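What follows is one structure encoded as structure tokens, with my remarks underneath.
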Amino acid sequence: EMLNVIYPSCAKITDVNAEYLLKLADRFQIKMVIDQVEQFLIALTKLTVPDKLKLSDQYRLVKLQDHCIGSFETVEEIKKMK
């Protein structure tokens with residue numbers, strides 16, 4: 001899956017393979033894949049904000065974390081995360 005993202009076949013990143021790709025890309029230090037998955041998670045995914053925050057923390061995805069935090073509109077929403 002990860003090699004399909006790197007090489008010209010341009011395999012799609014999906015909600016199903018995003019976490020797996022992050023795990024592999026982090027292990028093998030392939031920043032290009034990490035960046036692509038982060039952009040996918042920001043723009044297109046149907047994952048919940050708590051799931052996205054978990055991934056942003058686990059894989060040090062600063063842009064994703066900022067996006068998730070910026071999506072909160074009230075203090076109550078933040079408290080629910082706790």
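Points worth noting:
- What separates the Cα centres of the range 1-33 and the range 44-82 is a distance of 21 Å.
- Charge dipole of the chain (Cα centre as origin; +1 on each Lys and Arg Cβ, -1 on each Asp and Glu Cβ, all else neutral): 140 debye, rounded to the nearest 20.
- Counting only Cβ charges, +1 for Lys and Arg and -1 for Asp and Glu, the dipole size of the range 31-75 around its Cα centre is about 120 debye.
- Per the Cα gyration tensor, the chain maps to an equivalent ellipsoid with semi-axes of 26, 12, 10 Å, ordered largest to smallest.
- The peptide list 13-25, 58-70, put in order of mean Cβ contacts within 10 Å with the highest first, becomes 13-25, 58-70.
- Per-residue [θ]222 nm for the chain (sum of -39500 (n - 2.57) over DSSP H runs n ≥ 4, rounded to 500): -18500 deg cm²/dmol
- Among Leu61, Phe72, Gln39 - extreme Cα towards positive end, dipole of the chain, charges at beta-carbon: Leu61
Readers should treat all values here as calculations from the given coordinates under stated rules, not as data from a laboratory. In this text the structure is predicted, and so the values were computed from the model without any measurement. Virtual Cβ from ideal backbone geometry, glycine too; neighbours counted across all protein chains shown.
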